[in-house]
């Protein structure tokens, strides 16, 4: 077993994991936005919830406050925010991989 | 509804906080589109001494943050530390929140080198710490009580320090805020926070500015290897000296 090689590889993986975590923290914040007096995190969970309903419904926001939203209009907004930020995340992630 | 930002700043022997606040005010105007008032601290208040690893012991003029409620002319106010770098419009989100008061519950080290577990709690009983670095409040009974409570804690600091088994002699706004939030919320530890963590950069890392809203952090990682990351986001620069140099270069 080439332990030197193993250690070097493990260290690189550690650094890369730390950089990925930093990137994730940044984009977790960017998924958050305000709508209809509530605070929301754009992502698959919210999109799925909205897809399950039609018309005007009441759902809980990040602060567990019930908020009335129009599902169709809100779905479009959530999807747009989610994909915008994921695209930006992808660009940074690819740059990170290139640098390392 | 009127909205604005308050930055408390008073220079000490080592750090030009006023210049830092003026620079931050320009960033706030550019990214958030709101006016900023810089509050030069009340000189009649007693001062603390606080140690920073990059500049050593300095006089800590930071005792009047709880006056933010009475000093603010706005319906909704963002209170920021002078060393909080606004490099995006992220804070717009909390200005739209239907909440009376928000602050960060969690902070983390951007480089991943330091575990902030010890900084996210305080005292022997590991009380949850709320960071006073970024606070948002709207004019309300709830917010007013939080600030009044902070004032009561500051004025009776030795009592509250003993009560919460806090070994830190120096008064800190973060600790006063944490205690105040507990009291005002009926000791439930149930308070709405800013829904993301406070990105922080500790003083041992090297911070430089790449361009207007891009920064580079050079650091030695846990395996003792030099690494760097680039930041294009808001963050709390705990290294006052390096931020001071960036501000000086921008003046």
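The values are calculated or read from the model by the stated rules, or taken from the named source; none is laboratory data. Model, not experiment: these values are computed from the prediction. In this analysis, Cβ positions are derived from the backbone assuming ideal geometry, glycine residues included, and neighbour counts consider all displayed protein chains.
For the reader, a short list of remarks on this structure follows.
- Taking every residue in the stretch B:65-76 that is within 13 Å of residue B:7 (Cα to Cα) and pairing it with any residue that is part of a helix (DSSP H, G or I), at least 6 positions away or on another chain, the pairs with Cβ-Cβ distances below 6 Å are B:65/B:173; B:66/B:147; B:66/B:150; B:66/B:151; B:69/B:144; B:69/B:147.
- Highlighted here are the helices (runs of 4 or more DSSP H) found entirely within chain A that include at least 3 residues which are touching a helix residue (DSSP H, G or I) at 6+ places or on another chain (Cβ under 9 Å), at pLDDT below 85 and under 23 Å from residue B:108 (Cβ atoms): A:71-99.
- Only one of B:176, B:143 that is in contact with a strand residue (DSSP E or B) (Cβ under 6 Å, 6 or more places away or on another chain), part of a helix (DSSP H, G or I) and surrounded by 23 or more Cβ atoms within 10 Å (Cβ to Cβ): B:143
- Filter pass, residue A:60 being more than 9 Å from chain B (Cβ to nearest Cβ) and within 20 Å of residue B:193 (Cα to Cα): yes
- Any hit, the stretch A:12-32, residues being within 30 Å of residue A:94 (Cα to Cα), away from chain B (no Cβ under 13 Å), surrounded by fewer than 17 Cβ atoms within 10 Å (Cβ to Cβ) and without any contact (Cβ under 8 Å) to a residue 12 or more places away in the chain: no
- So residue B:199, is it closer than 26 Å to residue B:241 by Cα and either part of a loop (DSSP other than H, G, I, E, B) or within 14 Å of another protein chain (Cβ to nearest Cβ) (or both): yes
- Filter pass, residue A:60 being without any contact (Cβ under 8 Å) to a residue 24 or more places away in the chain, more than 11 Å from the chain's Cα centre (by Cα) and on the phi < 0 side of the Ramachandran plot: yes
- Residue check for residue B:207: surrounded by 14 or more Cβ atoms within 10 Å (Cβ to Cβ), at the interface with another protein chain (Cβ under 10 Å from one of its Cβ atoms) and more than 18 Å from residue B:22 (Cα to Cα): no
- Where residue B:123 falls short, out of the listed (1) within 21 Å of residue B:161 (Cβ to Cβ); (2) out of contact with any strand residue (DSSP E or B) (no Cβ under 6 Å at 6 or more places or on another chain); (3) surrounded by 23 or more Cβ atoms within 10 Å (Cβ to Cβ): (3)
- Qualifying residues in the stretch B:179-194 (those that are free of Cβ contacts under 8 Å to residues at least 60 places away in the same chain and in contact with a strand residue (DSSP E or B) (Cβ under 9 Å, 6 or more places away or on another chain)) - the one surrounded by the fewest Cβ atoms within 10 Å (Cβ to Cβ): B:182
- Qualifying residue in the stretch B:230-243 (condition: surrounded by fewer than 19 Cβ atoms within 10 Å (Cβ to Cβ), within 12 Å of chain A (Cβ to nearest Cβ) and part of a strand (DSSP E or B)): yes
- In the stretch B:78-109, the residues that are assigned to a strand (DSSP E or B), more than 8 Å from every other protein chain (Cβ to nearest Cβ) and either within 12 Å of residue B:132 (Cβ to Cβ) or within 14 Å of the chain's Cα centre (by Cα) (or both): B:78, B:79, B:80, B:84, B:85, B:101, B:102, B:103, B:104, B:107
- None of B:137, B:122 is closer than 25 Å to residue B:1 by Cα and touching a helix residue (DSSP H, G or I) at 6+ places or on another chain (Cβ under 9 Å) except B:137.
- For the stretch B:60-70, the candidate set comprises residues that are in contact with a strand residue (DSSP E or B) (Cβ under 9 Å, 6 or more places away or on another chain) and modelled with pLDDT under 90; within that set, the residue that is farthest from residue B:169 (Cα to Cα) is B:67.
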